[in-house]
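The values are calculated or read from the model by the stated rules, or taken from the named source; none is laboratory data. Since we're looking at a predicted model, the values are computed, not measured. In this analysis, Cβ positions are derived from the backbone assuming ideal geometry, glycine residues included, and neighbour counts consider all displayed protein chains. The area values use the complete protein model at the heavy-atom level, side chains included, leaving out ligands, DNA and RNA. Shrake-Rupley method; radii C 1.70, N 1.55, O 1.52, S 1.80 Å.
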Amino acid sequence: MRHAAERGAHVRLAGVTRRFGDFDAVRDVDLDIAAGEFVTLLGPSGSGKTTTLNMVAGFIQPTAGDIEVDGRTIQALPPHKRDMGMVFQSYALFPHMTAEENVAFPLRERRRSAGDIAESVRRAFELVKLDGFEKRYPDQLSGGQQQRVALARAIVFEPRVLLMDEPLGALDRKLREWLQSEIKRLHRELGLTVIFVTHDQGEALALSDRVAVFNRGRIEQIGTPQELWTTPRTPFVAAFLGDSNLIRGVVADDGGLSSSSRTFRIAGQPGLAAGAAATLLVRPEFVQLARTRQQHTDPGANHLVGHVIDVTFLGSSYRLTVACSEIGTFLAAQTAASFEGIAEGDEVGIWWRAEHGVLLAGVDESVHHVGNRN
């Protein structure tokens, strides 16, 4: 196989649109993926991410726009001419073939020599850590083993781009997390350009160099996992990536957020026009609780009073939902597993520091947050 540095290809989408009748499944998508980069297309069902992947693969033709690999337009090329491996959620293994025969299939289609096929298949099984399973049929393999055979088949012919469509969605959590680490290892070893589709935000954060968040056929924001987590640009991105408290209101004269009769301080936020609709994001892990407002010791923090209506044990932490009548909403706090003493029905003080709030332009009534009880 080629050296890792020689493997990945530069993939570029420019103004890509796919229309089905009067419905735009994908609208004017621009995406530039560097050679060897791992980019995840993340979004809810129907957001356009899988349609975008299928256009890159060649299974669907764009209605408008262009797709390039290393500067060359690939629209006219059929899928098997695009030098891309594909891994499906359903595995798509041939049931009448052994694992070895499934992995060898792309090489036989390319009329490789018997010696080349044998060596490439051996190496592929070694890479996915399935030595000894070559002679088994798909129905003799577990779900995780079948997925690794599908991955071996996708990389055996040394593609420069690997496309993965919800490849771990049918697996249990423990196996999914183990395969995530294996996919990261293979990406590191092979240097492929990977385009990965998922609706699982944790998976996207764990695997990706960058994440493109899709919403209603468009990319709402693209950035590193850290950028999307700490500085989302819209309420949709804030709600979709991670747990979030979202407080709706308008920008106050001092640059904070005015909601109902309260104004919340925000530190170091980009300026938005006073009076404009806005949303304040506060992650639950930054929300602090105490039994009363008097116990709150930081006069520069934002504080409210509420009643605990739910306490949920999560294993490594507790999540508490607090009804805050002052602003007419529910807020969530997440505390360490050693937390004790506050129960449902208790009145509590709730606060967070100004630097832990992120002010977002606009209000999106369609998004939900962890404290939302509707």
- Task: Mind listing just one residue for me: the one in region 34-92 that is without any contact (Cβ under 8 Å) to a residue 24 or more places away in the chain, aliphatic (A, V, I, L, M) and open to solvent by 40 Å² or more (accessible area, probe 1.4 Å) and, of those, nearest to residue 161 (Cα to Cα)?
- Result: 77
- Taking region 256-266 only, how many residues are surrounded by fewer than 20 Cβ atoms within 10 Å (Cβ to Cβ) and either at pLDDT 90 or above or within 10 Å of residue 359 (Cβ to Cβ) (or both)? 3
- For residue 269, state whether it is under 20 Å from residue 331 (Cβ atoms) and either out of contact with any strand residue (DSSP E or B) (no Cβ under 7 Å at 6 or more places or on another chain) or modelled with pLDDT under 90 (or both). yes
- Message: aromatic (Phe, Trp, Tyr), assigned to a strand (DSSP E or B) and under 27 Å from residue 278 (Cα atoms): which single residue out of 196, 236, 214 fits that description?
- Response: 214
- Message: Give all pairs with beta carbons closer than 8 Å in which a residue from region 153-176 that is more than 19 Å from residue 52 (Cβ to Cβ) and open to solvent by 10 Å² or more (accessible area, probe 1.4 Å) meets a residue that is aliphatic (A, V, I, L, M) and not in a loop (DSSP other than H, G, I, E, B); count only pairs at least 6 apart in sequence or on separate chains.
- Response: 153/103; 153/124; 157/107; 171/179
- Item | Pairs where the first residue, in region 312-326, is over 18 Å from residue 345 (Cβ atoms) and the second is open to solvent by 50 Å² or more (accessible area, probe 1.4 Å) and assigned to a strand (DSSP E or B), C-beta under 7 Å, 6+ apart | 317/334; 317/336
- Query: Mind checking which residues of region 62-88 are assigned to a loop (DSSP other than H, G, I, E, B) and either under 24 Å from residue 36 (Cβ atoms) or out of contact with any helix residue (DSSP H, G or I) (no Cβ under 7 Å at 6 or more places or on another chain) (or both)?
  - Reply: 63, 70, 71, 74, 75, 76, 77, 78, 82, 83
- Message: Residue pairs, Cβ under 7 Å, 6 or more apart or interchain, first in region 293-305 and outside any helix (DSSP H, G or I), second open to solvent by less than 40 Å² (accessible area, probe 1.4 Å) and at pLDDT below 60. List them.
- Response: 303/296
- How many of the residues making up region 239-255 are touching a helix residue (DSSP H, G or I) at 6+ places or on another chain (Cβ under 9 Å), at pLDDT 90 or above and not in a strand (DSSP E or B)? 2
- Query: Looking at region 226-251, which of its residues are without any contact (Cβ under 8 Å) to a residue 24 or more places away in the chain and crowded, with 19+ Cβ neighbours inside 10 Å?
  - Reply: 228
- Query: If you scan region 95-127, which residues turn out to be surrounded by 11 or more Cβ atoms within 10 Å (Cβ to Cβ), outside any helix (DSSP H, G or I) and in contact with an Asp or Glu (Cβ under 7 Å, 6 or more places away or on another chain)?
  - Reply: 98
- Task: Look through region 1-24, keep the residues that are open to solvent by 60 Å² or more (accessible area, probe 1.4 Å) and more than 26 Å from residue 62 (Cα to Cα), and return whichever of them is modelled with the highest pLDDT.
- Result: 6
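Every residue, every condition in (1) touching a strand residue (DSSP E or B) at 6+ places or on another chain (Cβ under 7 Å); (2) among the charged types (D, E, K, R), yes or no:
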| residue | (1), (2) |
| --- | --- |
| 96 | no, no |
| 103 | no, no |
| 107 | no, no |
| 111 | no, yes |
| 116 | no, yes |
| 126 | no, yes |
| 135 | no, yes |
| 142 | no, no |
| 167 | yes, no |
